[in-house]
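The values are calculated or read from the model by the stated rules, or taken from the named source; none is laboratory data. The structure displayed is predicted, hence computed values, not measured ones. Note that each Cβ is placed from the backbone with ideal geometry, even for glycine, and that neighbours are counted across all protein chains shown. With ligands, DNA and RNA removed, areas are computed over all heavy atoms of the protein, side chains included. Shrake-Rupley method; radii C 1.70, N 1.55, O 1.52, S 1.80 Å.
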Amino acid sequence: AMPDGHAKRAAEAVSGPVLDALGEDYALPAEGAGIFWLQAVLNHACVPNVSFVKRDEDVDGRVVLTAARDIRAGEELVHSYIDEGKPLEERARELRNYGFECTCQLCTAERGAAAGGSVGVGTGERRGGRKLK
């Protein structure tokens, strides 16, 4: 636990409103909670180039960002908000909870294949998605 003092009050000033906004649905019993700013700023991709790993032995709350493949200099780091191994319709339903419809290359290719086209798989990202109203 963080000792009382200026640093604790500053952390509570930032995290308090965020945690309050989450509401009671997120009030789950746990040994701890965290806000991971790096995960929060990365866009989604159905074919991600990074993933986050939380190992049981990391008791300090550390989460490690791991490359899923070689990443070119300047290439955006993207991770999957959902289980990308699920079928298209399940992925689409889960991503609607994030407020967008994914139009990445994978989703577009799978929709095309369902409509009788061919499937070509590449990477995609949230930025290419359409925001839902």
Inset, instruction - Mind listing just one residue for me: the one in segment 86-99 that is part of a loop (DSSP other than H, G, I, E, B) and touching a helix residue (DSSP H, G or I) at 6+ places or on another chain (Cβ under 9 Å) and, of those, nearest to ASN43 (Cα to Cα)? - result: TYR98
Inset, instruction - Taking GLU101 as the residue in question, decide whether it is out of contact with any Lys or Arg (no Cβ under 6 Å at 6 or more places or on another chain) and open to solvent by 40 Å² or more (accessible area, probe 1.4 Å). - result: no
Inset, instruction - Output the residue which, of all residues in segment 55-85 that are assigned to a loop (DSSP other than H, G, I, E, B) and of a type in the set (Gly, Ala, Ser), is nearest to ALA115 (Cα to Cα). - result: GLY85
Inset, instruction - Please enumerate the residues belonging to segment 84-93 that are open to solvent by 50 Å² or more (accessible area, probe 1.4 Å) and under 27 Å from VAL64 (Cβ atoms). - result: GLU84, GLY85, LYS86
Inset, instruction - Consider only pairs whose beta carbons are under 7 Å apart and that are at least six residues apart or on different chains; among these, list those whose first residue lies in segment 42-54 and is within 13 Å of ALA67 (Cα to Cα) and outside any strand (DSSP E or B) and whose second residue is at pLDDT 90 or above and of a type in the set (A, V, I, L, M, F, W, C). - result: VAL47/LEU106; PRO48/ALA68; PRO48/VAL78; ASN49/ALA67; ASN49/ALA68; ASN49/ILE71; ASN49/LEU77; ASN49/VAL78
Inset, instruction - Consider TYR81 carefully, then state whether it is closer than 16 Å to LEU42 by Cβ, touching a His at 6+ places or on another chain (Cβ under 6 Å), modelled with pLDDT of 85 or more and surrounded by 14 or more Cβ atoms within 10 Å (Cβ to Cβ). - result: yes
